[in-house]
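No value in this document is a laboratory result; all are computed from the given coordinates. Because the structure is a prediction, the values reported are computed rather than measured. As a convention, Cβ positions derive from the backbone with ideal geometry for all residues, glycine included, and neighbour counts pool all protein chains shown.
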Amino acid sequence: MNKFMLVGGAVILAASLIFTAARNSEFDAGYEIYRTTASDTITDTEADTITISPYLYSFWKYNHTVKGVQESGTIDLTLSVQESNALSGDEWYTIATDTVDADGEITDMFGDVYGVRQRIIITGTGTQSAVYTHRITLKKPY
């Protein structure tokens, strides 16, 4: 009898998990989501390049946010979102640019992804030490 209850309980638990997954999938219906975060320090005129790791074969919508925190000097970061149609990533073209030039400022850049690869280049201008946090969310509409 105890073995039957355990097996029955396992079946009920499995059915419950399936129901929960189906409910969550309805909540997120129509999207596949990719998110990542990176943080580093830019000193003076250094540049960091963050390449999005998956190949983006399907149509995606992107949203990059960059928050800058001034440690010393005057914060001045230039942001450049680039795409490539080459899998090797040796041919990049710029699709969006913006700046972060105030302590604590958050800048966002968003749009459609048409290339197969995407990256963001964060470049310092002038004399500074600034910590940035970059977040990207990619959503794949159906």
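Which residues among segment 114-131 fall inside the zone where the amide N is under 11 Å from a point 7 Å beyond the Cα of N85, along Cα→Cβ? So the set is 115-116. Scalar couplings 3J(HN,Hα) for segment 134-140, obtained by applying the Karplus form with A = 6.51, B = -1.76, C = 1.60 to θ = phi - 60°, are 10, 10, 10, 10, 10, 10, 9 Hz; x denotes Gly and Pro. In a DSSP loop and with at most 13 other Cβ atoms within 10 Å, the GluC sites (Glu not before Pro) in segment 83-119 are E91.
Among 73-81, 107-115, what's the highest-first ranking by average C-beta atoms within 10 angstrom per residue?
Values: 73-81: 19.0, 107-115: 14.9.
Those peptides, ordered most packed to least, come out 73-81, 107-115.
Residues whose amide H comes within less than 5 Å of that of T99, counting only those at least five positions distant or on another chain, are L79 (H built at 1.01 Å from N in the peptide plane).
What the Cα atoms of segment 30-141 give is an Rg and a Dmax of 14.2, 46 Å.
Mind pulling up the Rg/Rh value for segment 92-142? Radius of gyration and Kirkwood radius, both on Cα. Radius of gyration relative to Kirkwood radius: 0.99.
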